[in-house]
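Shown next, in structure tokens, is the structure this report addresses.
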Amino acid sequence: MKPLNLTALLLFLGGVVWAFTLSDRAVREVQDFYFSAVSPFLKSGSQMETRARNFLTETRHSKEVEVELGAIRTELGRLHIIESRYRDLEIENGRLRHALNYKKNTHFDVVPAQVIRRQPTTWWQTVDIDAGQSSGIGTQLAVLSNEGLVGKIDRIYGGQNRSSVLLLTDEKCQVSARVEGSTEVGILSGQRGRFDGSPLLRLRFLSADAKLQPGQRVFTTGRGGIFQPNIPLGTIDSVKKGALDSEALVRPSVNFSDLSTVFVVIAGDS
Amino acid sequence: MLSSLEIHKLIVIRYSFITLLLLLASFVVQQFLPAFTGFYQSRILLVLLVFLCAAVTVGQPTMLMLAFVGGFFWDAHCGIGPHGGDPEVYTQQVESLRFGYSILLFAAMGLLMQGIQPLFRRGKWQFSAYLSGVAIFLYLAAEYAIINFVRGDFVLSKATLMQMLFTSLLTMLFSPFIFWLLFRIAKLCQHSINPDAGRRRQHAHRNQ
């Protein structure tokens, strides 16, 4: 082997050992550096996309937009009424809890965000949303849609108002879950290599004699420190009994192929 | 006055540097390449393609340097965070891949590409283009095998296999463009990345 090749090989192996021994914090710093370096390009790309979308919106038929606007105004009025009623109930509930010496926090703040990018990596089930550090978002926060739990915040992009959401359909996103109408509690997660339109989730570590029926609803337990309790996760699809424990397949309540607006829970009941 | 050997070295360094910049630029373009949902979530792995095409045009030291930079930033691009949550509740946490594994996979695929460097030097770049598709498939298969090894339970669905296949095919289709780009860069640097082909052409010309 030529001396230059040998030197290059030794330097390369040294570099590999250095990279393998980087701490989690150092890896985060490397990722922050990487995403801040590409952020100017992402910002320009996002601006171009917004301009293109605006152009397409403007060219839509004005009558169609007018009808849509009317419907939205009606819906907004209805929601205003519901919201004011909800606020009244929240205040009343707070007062009653206080009277009963409840120490529980009734605050439930969410930040709305739009999904701006789907599946940016090959193997992990993630989406990027247009809300980040400046919106008060941090890592390990629950992300919901109006149908149920979507996932959790995995990464905040440094220098940009964006973050990455690890979806419930990913194997790494584990949620402590309970089955409605039973005492069964287990850990819900996605399945490896299943990323088609409606992938089923795995509910593991149920008791060996779990008496569950298809259609029973599954909710978060609130244990584990990440997800608030009673968030809908899905419904039981089938149950497979084992010698030591049982496992159920759960159909998610969220349609992951049609995600657009999500809500990040920045403070809630725990 | 510089000798011809020193001039050649400078040209090679200039070409290697521009190749490195091209690899870094591919990271930016990669951000805008979405997954094709209709094709089993397959995608164009531009970074890997640029690396594989460049690997066949450079010497081993430069290939290792490109593998290190490419693998290092690829892991920064793809890495996911720690599990989080209470370990008493989540007792069986799912492992992530160790940061830096891509450097070794990039280098392995780079060495595979350099295996047919003699053919490329003779001007037969088409073989390298086909091999880039094979190398991407092997890369994805190795990556998936590592995930299975780290997490346990070997699971290989038809969808995963099709995803790897379509990703390799789609990415390979772009290899002629990357080779064209590398030939243009080499020409601008006055560097020949397939010198044997040039000599053969000159020899054939003299015989005529």
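All of the numbers you see were taken from the coordinates with simple rules; none came from a lab. In this text the structure is predicted, and so the values were computed from the model without any measurement. Here the Cβ positions follow ideal geometry from the backbone for every residue, glycine too, while neighbour counts run over all protein chains shown.
May I ask you to list the lysines whose Cα is less than 19 Å away from that of B:LYS124, ignoring any residue fewer than eight positions away on the same chain?
Within the straight-line cut-off, B:LYS124 pairs with B:LYS187.
Cut-off under 26 Å on the C-alpha distance; same-chain residues fewer than 8 positions from B:LYS158 excluded. Which lysines are left, in chain and number order?
A:LYS172, A:LYS240, A:LYS241
Given the C-alpha atoms of the range B:91-208, compute the convex hull and give its volume per residue in Å³.
Details: hull volume 15.0 nm³, N = 118.
Enclosed volume per residue, from the Cα hull, is 127 Å³.
Contour minus end-to-end for A:SER238 and A:TRP18, with contour as 0.36 nm per residue of separation and end-to-end as the Cα-Cα distance? Mind dumping the intermediate values first?
Details: separation 220, 0.36 × 220 = 79.20 nm, distance 4.68 nm.
Roughly 74.5 nm would be gained on extension.
Compare A:PRO199, A:PRO229, A:PRO40 in a GNM of chain A, Cα atoms joined below 10 Å, and give the one with the largest fluctuation.
The residue that fluctuates most here is A:PRO40.
Output needed for the protein assembly as shown: three equivalent-ellipsoid semi-axes, defined as square roots of 5 times the C-alpha gyration tensor eigenvalues, in descending order, whole Å.
On the way: eigenvalues 497, 141, 88 Å².
For the protein assembly as shown, the semi-axes come out at 50, 27, 21 Å.
Can you spot the aspartates and glutamates whose alpha carbon is less than 20 Å from A:LYS2's alpha carbon? Ignore those fewer than 8 places along the same chain.
Correct list for A:LYS2: B:GLU6.
Note down the magnitude of the dipole of chain A about its Cα centre, charges +1 on Lys and Arg C-beta and -1 on Asp and Glu C-beta and zero elsewhere, to the nearest 20 debye.
Values: 33 positive and 29 negative charges, 87 e Å.
That gives a dipole near 420 debye.
Can you tell me the 0 to 90 degree angle between the C-alpha axis of helix B:101-114 and the longest principal axis of chain B, rounded to 10?
Tilt of helix B:101-114: around 30 degrees.
Of all the C-alpha pairs in the range A:107-270, what % are more than 27 Å from each other? Walk me through the numbers before you get to the answer.
Numbers: 2914 of 13366 pairs.
That tail contains 22 percent of the Cα-Cα pairs.
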